[in-house]
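What follows draws every value from the coordinates through simple rules; no lab data is involved. Only a predicted model underlies this, so the values are computations on that prediction, with no experimental measurement involved. Every residue, glycine among them, receives a Cβ derived from its backbone with ideal geometry; neighbour counts consider all protein chains shown.
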Amino acid sequence: MGKDSLVTDQSILHSYVEVVNSDNIGGNVRENDFVVARPRSTDEVARIVRFAARKKIPLIARGAGTSREGATLPLPKSVVVDFTTMSRILDVNVENGTVLAQPGIALDLLEEKLNERGLSVGHGPEHATLGGSIGTNSLGQGSSRFGDMRNFVADLEVVVGEGTVFHTGRAVWRNNTGYSLTQLFIGSEGTLGLITAVTLKAGARPESTQKRMYAFQSPLDHVVSVARGIEGAFLPDGNRVDDEARNDGEVSTIRVTFRGKREVVELQTKLCDEFVSARGGQVVPDDIAADLVQKRSAKGFEMGVRPTEARNVPEEPALRFSDWKSSLEKWKNLCERHEIDYHGCQLNISYPGVITFYSGYSTNRPEKVESYRLLMREFYSYVIERQGSFSATHGVGKRMSGFMSAQYSKEYLELMRRIKGVFDPLNIFNPSAVL
Ligand SMILES: Cc1cc2nc3c(=O)[nH]c(=O)nc-3n(C[C@H](O)[C@H](O)[C@H](O)COP(=O)(O)OP(=O)(O)OC[C@H]3O[C@@H](n4cnc5c(N)ncnc54)[C@H](O)[C@@H]3O)c2cc1C
């Protein structure tokens with residue numbers, strides 16, 4: 001690996017420290033305390049791993065660096081392995097519906113290239129890299145019906161231990177032979193090894209996509225029940241409810257996505273419009289809806305990725321659907337008690353029980369950062385007590401690892417540590433994340 005693949009310039013290194021929620025993790029590393037390697041091939045990755053194993057240097061895998069729980073935050077004396085320089089598509093097989101790609105490719109670019117060949121993965125978030133998306137087992141915003149990354153990956157090429165390269169799967173979809181190491185690596189947040197190539201399932205590119213937003217002035221209960229009705233009647237690709245606070249306090253909304261043959265999508269949309277209008281909802285014109293979504297996500301991305309004074313934080317636990325209302329009340333009460341601004345909530349209807357709670361505080365007031373930490377602790381204790389999980393989407397990273405012992409037994413955690421030890425006996429792969 002040449003010197004040009006190593007980043008030591010401190011102004012560039014700064015961007016690797018500035019990760020989502022870093023103020024909420026504490027003990028941040030400084031720019032002069034780590035380096036970044038940008039490999040171009042599996043061989044180069046294996047060489048980095050061999051070197052790190054010899055010197056016992058922590059390796060932090062990184063894609064676009066947008067994961068929410070600080071999983072890519074460097075450690076002192078670590079090497080961040082930035083995969084964005086490994087972003088080639090190696091093979092597209094239209095007949096088999098597969099794509100083989102390097103992990104650093106962004107999901108939106110992958111989709112664009114697949115679309116040119118009549119294929120689609122249709123997964124998000126678009127800004128994520130393929131490797132990062134597998135690392136966190138991401139769930140796409142408009143594609144919930146196709147599931148999370150676990151439903152797309154057939155095979156991973158990985159580098160583990162002291163530089164061993166192997167494949168976790170085969171090039172076929174059904175592979176019912178023994179333990180699935182592919183599934184073990186999905187969602188492992190860079191703690192078991194480094195992913196260097198991915199075989200993904202790609203479906204036919206849908207002829208047409210229609211996103212629809214419906215606005216309601218009725219109570220949230222009613223809106224949720226309409227969205228559940230839509231789910232049963234139309235099985236859209238995505239189906240989410242946002243409360244009034246997410247929509248500048250005016251209306252609650254349902255956002256659905258239909259994909260497929262043009263005539264079918266048009267008919268589904270028409271029938272869905274009628275279904276909603278009979279229940280008190282109104283179609284939001286497409287340009288206004290797109291504008292609202294764009295504003296929300298631009299704000300969320302800026303505030304999420306770059307620490308700003310006024311932080312906008314989403315928390316995304318998994319709860320039983322029957323707990324959505326009481327958990328929302330709990331969240332609002334805690335926000336009030338800890339003087340944290342409530343910014344709204346989003347219920348994922350295609351994945352019932354995945355709820356995002358948004359709130360904000362000023363990061364230049366240390367007492368607010370501390371209040372938010374207390375709020376989180378109380379809220380996640382409640383989630384765990386209700387038999388939910390403290391993370392539905394974003395993983396554990398470094399921010400949430402403290403909750404693992406509240407959610408799992410000692411024996412369970414010990415088994416996880418032993419599994420990690422099989423792939424990573426020297427504990428060099430993202431050592432302080434997850435466990
Ligand atoms: C505004 C905003 C919106 C978001 N929306 C969503 C959403 O809709 N759904 C969702 O699921 N998430 C969402 N996220 C969270 C985040 O974008 C996802 O977790 C995404 O999958 C992370 O991708 P990344 O390329 O940024 O990965 P990174 O943050 O770089 O890495 C994520 C994890 O994967 C590991 N990793 C990366 N590359 C490799 C590799 N080659 N080998 C082994 N491990 C690796 C890292 O060590 C880390 O643990 C959002 C984040 C933001 C800021």
Task: Length gained when the stretch Phe275-Glu336 is fully extended (0.36 nm per residue, less Cα-Cα span) - done: 18.3 nm
Task: Per-residue Cβ neighbour rank within 10 angstrom, fewest leading, Glu189, Glu414 - done: Glu414, Glu189
Task: Compactness of the chain as Cα Rg over 2.2 N^0.38 Å, two decimals - done: 0.99
- [ ] Kindly work out what percent of the DSSP beta bridges joining two residues of the chain are antiparallel, to the nearest 5.
- [x] 85
Task: Percent RCO, i.e. relative contact order, over the chain, from Cα pairs under 8 Å lying at least 6 residues apart - done: 17
Task: Extension gain (nm, one decimal) between Ser362 and Arg47, 0.36 nm per residue minus Cα-Cα - done: 109.1 nm
TODO: Rank Met400, Leu347, Tyr382 by how far each Cα sits towards the positive end of the charge dipole of the chain (+1 on Lys, Arg Cβ; -1 on Asp, Glu Cβ) and give me just the farthest.
DONE: Met400
Open item on the list: Quick query: amide H of Thr196 versus all other amide H atoms, modeled in the peptide plane; which residues come in under 5 Å with a sequence gap of 5 or more or a different chain?
Closed with: Glu157, Val158, Val159
- [ ] Project the alpha carbons of the stretch 322-384 onto their principal axes and report the range along each, largest first, in whole Å.
- [x] 37, 19, 15
Open item on the list: Taking amide H atoms as placed 1.01 Å from N in the peptide plane, list the residues 5 or more away in sequence, or in a different chain, whose amide H sits under 5 Å from that of Val7.
Closed with: Val36, Ala37, Arg38
Task: Qualifying aspartates and glutamates (Cα of each under 16 Å from Cα of Lys56; at least 8 residues distant if same chain) - done: Asp33, Glu162, Asp424
Task: Potential lengthening between Asp33 and Asn115 on full extension [0.36 nm per residue; Cα-Cα distance subtracted] - done: 25.3 nm
Task: GNM top mover of Ile12, Ile186, Ile384 - the chain, alpha-carbon springs below 10 Å - done: Ile12
TODO: Report Rg(Cα)/(2.2 N^0.38 Å) for the stretch 199-268, keeping two decimals.
DONE: 1.29
TODO: Can you spot the lysines whose alpha carbon is less than 26 Å from Lys270's alpha carbon? Ignore those fewer than 8 places along the same chain.
DONE: Lys211, Lys261
